[in-house]
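Q: Questions regarding the structure given below will be posed in turn.
The values are calculated or read from the model by the stated rules, or taken from the named source; none is laboratory data. For clarity, every value in this text was computed on a predicted model and none was experimentally measured. Cβ placement follows ideal geometry from the backbone for every residue including glycine, while neighbour counts extend to all protein chains displayed.
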Amino acid sequence: MSQTKQVYASFRSIGAYVPEKILTNADLEKMVDTTDEWIVKRTGIKERHIAEKDEVTSDMGAKAADLAIKRSGIAKEDIDLVLCATVTPDYFNMPSTACIISNKLGINNVQAFDISAACSGFVYLLSIAKAFIESGMKKNVLVIGAEKFSSIVDYTDRSTCILFGDGAGAAIISATESKEEAFIDLHASADGAYADFLVTPAPGAVHPASQQVIDEGLNFVQMKGNETFKLAVKTLTKDVKEILQKNNIHSEDIPHFIPHQANYRIIKAVGDALKMRKDQVVLTVGKYGNTSAASIPMAINDIWESGRLQHGDLMLLDTFGGGLTWASALLPFAGKANIK
Ligand code: UT7
């Protein structure tokens, strides 16, 4: 009797894209009542990248995906699932941004869809890719986190406009028979009781497009910043401690802790609670701000491009966002290192 071999999901490659235009704290000082000092002290953010008017989420996602495909060594014809995580899709209802990206890349006639899990979107996608691959349904999954957050930010609201930036990151997740290359563990969760902590009220079924939506600015992101901050630190710390404990891995043995890049103070609090050394913690929030679903793959891309991410290196991902949603993942990098 022939036995089917167990297959696992593996993280094959990474790519990212950031728009050229930079919005600095000095620029924001001219737009709202804020200071570079306040922004750096409270968030660690110095600048963020902003897409041009005619550059949309799918453009950025396609550029990041193109790089991830090239770096994976896998032919685009072998990709059998395209997934995009975004809360700033090209179109709020349909078609999905994943469909548009697939078409831009020339990947046609494969399953493609978006998910909405805000900043946790990329790690949520990893869990979906893992399930599709390990059930034998798909072999090579293109996962993309892409956001044009500037399209939902009110640049007269100092409490949010200083935080967010645009960008995209993508990865190829492939089937492998090697246990060494496999995702180790993944945890994703949500609690809708905190839905009003981070919300874009319109357009949607609750507030369809109307003059009132525009007059009241309901199309812009709203955040209960301080409440979100406190819950983020608590949840992220607990989540990461649990995944490490469950897998009997000590925090000092993680070469790359890659948290969601929302606020330096959140990252520092979680890193300190885990007794992480500075060199273990990946930090990109200073130059990109919070890019929501794109933040984790953009951060992975940063350490890959700088040559820090080696084949087999363990990555610990940890994220928190609107929903509220949160997720963590432990996995080795199964792609080729960037040897210069
Ligand atoms: O990615 C998804 C998850 N998102 C997050 O995790 C974000 C979580 N939240 C945060 O990062 C922080 O809460 C913020 C950076 C948004 C705000 O920092 P905070 O230390 O929580 O400040 P706060 O909201 O408690 O505000 C403190 C003061 C207020 O003034 P008063 O009431 O004390 O007079 C604000 O009006 O800071 C004021 N403030 C500002 N001042 C200068 C708020 N925004 C600004 C600003 N510049 N941009």
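Q: In the stretch 199-227, which residues are within 12 Å of the ligand (Cβ to nearest atom) and of a type in the set (Gly, Ala, Ser)?
A: Across the stretch 199-227, the qualifying residue is only GLY225.
Q: List the residue pairs whose Cβ atoms are under 6 Å apart, where the first residue sits in the stretch 134-151 and is closer than 9 Å to LEU81 by Cβ, the second is buried (at least 24 other Cβ atoms within 10 Å of the Cβ) and not hydrophobic (A, V, I, L, M, F, W, C), and the two are 6 or more positions apart or on different chains.
A: ASN140/SER174
Q: Turning to a different aspect of this structure: Which is modelled with pLDDT of 95 or more, buried (at least 17 other Cβ atoms within 10 Å of the Cβ), closer than 16 Å to ALA118 by Cα and in contact with a strand residue (DSSP E or B) (Cβ under 6 Å, 6 or more places away or on another chain), of PHE164, PHE183, PHE197?
A: After applying the criteria, what remains is PHE164.
Q: Something else: Taking into account only those residues within the stretch 260-274 that are assigned to a loop (DSSP other than H, G, I, E, B) and in contact with a helix residue (DSSP H, G or I) (Cβ under 6 Å, 6 or more places away or on another chain), which is farthest from MET223 (Cα to Cα)? Steps first, answer last, please.
A: In the first step, residues of the stretch 260-274 are kept if they are assigned to a loop (DSSP other than H, G, I, E, B); the result is 260-263, 274.
After this cut, where a residue has to be in contact with a helix residue (DSSP H, G or I) (Cβ under 6 Å, 6 or more places away or on another chain) as well, the list is 260-261, 263, 274.
On the way: HIS260: 17, GLN261: 16, ASN263: 14, LEU274: 27 Å.
Here the answer is LEU274.
Q: Looking at ALA188, ALA195 in this structure, which one is within 16 Å of the ligand (Cβ to nearest atom), part of a helix (DSSP H, G or I) and out of contact with any His (no Cβ under 9 Å at 6 or more places or on another chain)? If you could, list the steps in order and put the result at the bottom.
A: On the way: ALA188 fails: part of a helix (DSSP H, G or I).
Going through ALA188, ALA195 in turn, just one is within 16 Å of the ligand (Cβ to nearest atom), part of a helix (DSSP H, G or I) and out of contact with any His (no Cβ under 9 Å at 6 or more places or on another chain): ALA195.
Q: Okay, moving on. Name every residue in the stretch 262-302 that is surrounded by fewer than 18 Cβ atoms within 10 Å (Cβ to Cβ) and acidic (Asp, Glu), in order of residue number.
A: Result: ASP272, ASP279.
Q: Looking at ILE79, ILE100, ILE50, which is the one that is surrounded by 17 or more Cβ atoms within 10 Å (Cβ to Cβ), within 22 Å of ALA131 (Cα to Cα) and among the hydrophobic types (A, V, I, L, M, F, W, C)?
A: Unique residue meeting the criteria: ILE79.
Q: From the set of residues in the stretch 1-19 that are under 26 Å from the mean Cα position of the chain (by Cα) and in a loop (DSSP other than H, G, I, E, B), which is nearest to ILE296 (Cα to Cα)? Working first, answer last.
A: Keep residues of the stretch 1-19 that are under 26 Å from the mean Cα position of the chain (by Cα), which gives 7-19.
Now restrict to residues that are in a loop (DSSP other than H, G, I, E, B): 7, 18-19.
On the way: VAL7: 25, VAL18: 13, PRO19: 17 Å.
Top of the filtered list is VAL18.
Residues checked against (1) part of a helix (DSSP H, G or I); (2) at pLDDT below 95; (3) under 22 Å from GLY192 (Cα atoms):
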site	(1), (2), (3)
ASN248	no, no, no
ILE258	no, no, no
GLY286	yes, no, no
ALA293	yes, no, yes
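Q: Also, I was wondering about something else. In the stretch 141-167, how many residues are over 19 Å from the mean Cα position of the chain (by Cα) and either away from the ligand (no atom under 16 Å from the Cβ) or of a type in the set (Asp, Glu) (or both)?
A: 2
Q: Hey, could you check the stretch 228-287 for residues that are within 11 Å of the ligand (Cβ to nearest atom) and charged (D, E, K, R) and say which is nearest to PHE164 (Cα to Cα)?
A: Among those residues, the one meeting the criterion is ARG265.
Here's the yes/no breakdown for (1) acidic (Asp, Glu); (2) under 22 Å from ILE266 (Cβ atoms):
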position	(1), (2)
GLU29	yes, no
GLU37	yes, yes
LYS41	no, yes
ARG48	no, yes
ALA64	no, no
ALA68	no, no
ARG71	no, no
PRO89	no, no
ASN93	no, no
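Q: Test GLY312 against the criterion of being in contact (Cβ under 8 Å) with a residue 24 or more places away in the chain and either away from the ligand (no atom under 15 Å from the Cβ) or touching a helix residue (DSSP H, G or I) at 6+ places or on another chain (Cβ under 7 Å) (or both), and give yes or no.
A: The answer is yes for GLY312.
Q: Something else about it: How many residues does the stretch 315-340 hold that are away from the ligand (no atom under 16 Å from the Cβ), crowded, with 17+ Cβ neighbours inside 10 Å and in a loop (DSSP other than H, G, I, E, B)?
A: Going through the stretch 315-340 one residue at a time, the tally reaches 2.
Q: Test of understanding: among GLU147, GLU227, which residue is in a strand (DSSP E or B) and on the phi < 0 side of the Ramachandran plot?
A: On the way: GLU227 fails: in a strand (DSSP E or B).
Just a single option satisfies the conditions, and that option is GLU147.
Q: Somewhere in the stretch 31-39, is a residue buried (at least 18 other Cβ atoms within 10 Å of the Cβ) and not small (Gly, Ala, Ser)?
A: For the stretch 31-39, residues buried (at least 18 other Cβ atoms within 10 Å of the Cβ) and not small (Gly, Ala, Ser): present.
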